[in-house]
Amino acid sequence: MKVLKFGGTSVGSVENLHKVKDILINDQDKKIVVCSAMSGVTDQLVKLQEFIKLKEEEAITKNLHKLESKHNDVIDALIDDQAKRVELKEGISSIITKITELSNKSYTESIGAEIVTYGETLLTYVFSNFLTSIGVGNTLLNAKEFMYVDNVDNPNISKVSARLGEIIKSSNDSNIYITQGFVCKDHLQAISTLKRGGSDYTATIIGAAVEANEVQIWTDIDGLHNNDPRYVDGTNPIAHLTYNEAAELAYFGAKILHPQTVSPVVHKNIPVLLKNTFDPEASGTVISSKIHSKGLKAISAKDNITVIKIKSNRMLMAHGYLRKIFEVFDNYKTSIDMITTSEIAISLTIDDTTFIDEILKEIEGFAEVTVEYKHSIICVVGESVINDKNSHRLFEILNYIPVRMISYGGSNNNISILVETKDKIETLKFLNEKLFLSHQEAAV
């Protein structure tokens, strides 16, 4: 069994849905297909959440009408049979009615989470019926019936496995199972989400649950590149990455992967393939436990980083001082990305400022605190990266860009630097030149 995940761009148009259909037809293996919502639909549902909070009924009605029309237009373009079109549009109307009923309730976070998951419901309903209409047998599964992860950070794979196994066993035997990404149920069995981009995570959770041969993540780029191709010219796809390398790159900003993607499959040694929907023959990137090479592999950047500097003369030789600081962040479930220390000061970074006012208020009770916003972490990744004979060139950046922090040692696979976001693109280009391009030219 394989698990194939297709993102919003891959299912974002009628033309692209045909491409996905062709990929599925050309792969004869039994598979579970995880789909995101169509491009822009989740953003539309997030707007709907805001309209519901503000009780803007006219905006809610317009939003839902636009959502229904978008999917009806896709049905018109995909389905030739008029009677089938009518049937499917009635199904879309029924789903929109469910969203409307939620919209009429007093807004809660639980209702908001449920609403935002309907993009995947709409897409998989349309796509599954499209496949059926052209003679491609498949079974549509409702992820809300088996994605009982309990805890997003540490999903209960055995529970997902048991529930999904029962559902597959009781359903019609099929070569293709279609289901929704992103959605899950928490420890209270309330509908929740795996956060934005979480369909990747859905795929690897399911992959671990069914002990798949491999998980394929299909996007609009041919694998994970050695730098961000949106900002840097001349980047190249990486043929092989280890789980550790991929996890570091994903956490520190590689957009092609959800930060937690690889964690469910590591202990089961299930490879993850990153493939291009628009160029299926491209090799892409294989993520596995195998180390094909060591040294510099890739650079990624994580934005929206906030720097907090904590200073106190009482800190010198004070037992328990660091613990006291970390407990504040832990109490507000706020993760720390980077940290450096001196005798009387600590500098650290966070990417979630939801509770920053509360955090600062507590710390200001025993230390002086300064905050800086709009920073980016630039992460250089590779197995045993520090031993690469070219890695020292990373530090030439100090001659050109004001670097706020440098971190190495927490992992042998990662050297991170912190810069202001306004310097991010220049930093990515500089590092690409020093670490990759000049190295390649020297080799030639």
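The values are calculated or read from the model by the stated rules, or taken from the named source; none is laboratory data. Since the model is a prediction, treat every value here as computed from it, not as a measurement. Backbone-built Cβ (ideal geometry, glycine too); neighbour counts: all protein chains shown. Just so you know, the surface numbers come from the protein's heavy atoms only, side chains and all, with ligands and any DNA or RNA stripped out. Shrake-Rupley method; radii C 1.70, N 1.55, O 1.52, S 1.80 Å.
Figures for the structure shown
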item	result
Surface share of carbon and sulfur [accessible, 1.4 angstrom probe, percent] for segment 65-192	45
Normalised contact order of segment 114-226, rounded percent, pairs of Cα under 8 Å and 6 or more residues apart	27
For segment 142-266, average projected area of the Cα convex hull in nm²	8.3
Exceeding the 30 Å Cα-Cα cut-off - candidates 297/424; 255/333; 21/84; 66/169; 2/389; 98/275	66/169; 2/389; 98/275
Protection proxy ranking of 369-379, 257-267 - average other beta-carbon atoms within 10 Å, highest first	257-267, 369-379
Filtered trypsin sites (Lys or Arg not before Pro), segment 1-103: DSSP coil and at most 14 other beta carbons within 10 Å	55
Distance in nm between pseudo-label sites at residue 327 and residue 290 (7 Å out along the Cβ direction from Cα)	4.9
Length-normalised contact order for the chain - Cα pairs under 8 Å, 6+ apart - percent	13
Magnitude of the charge dipole, the chain, Cβ model with Lys/Arg +1 and Asp/Glu -1, debye to 20	520
Cα-based helix-to-principal-axis angle, 157-170 vs the chain, degrees rounded to 10	10
Mean projected area (nm²) of the alpha-carbon convex hull when segment 262-421 is viewed from all directions	12.9
Mean Cβ count within 10 Å, highest first, over the residues of peptides 241-252, 411-422	241-252, 411-422
Whichever aspartates and glutamates have a C-alpha closer than 12 Å to that of residue 374, once near sequence neighbours (fewer than 8 apart) are set aside	303, 351, 420, 423
Probe 1.4 Å, accessible area per residue of the chain, Å²	47
Surface share of carbon and sulfur [accessible, 1.4 angstrom probe, percent] for segment 1-62	48
Charge dipole of the chain about the Cα centre (unit charges at C-beta), most positive-ward option of 113, 178, 436	436
In sequence order, calculated HN-Hα J values of segment 285-291 (Karplus, 6.51, -1.76, 1.60; Hz; x Gly/Pro)	10, 10, 10, 7, 7, 6, 9
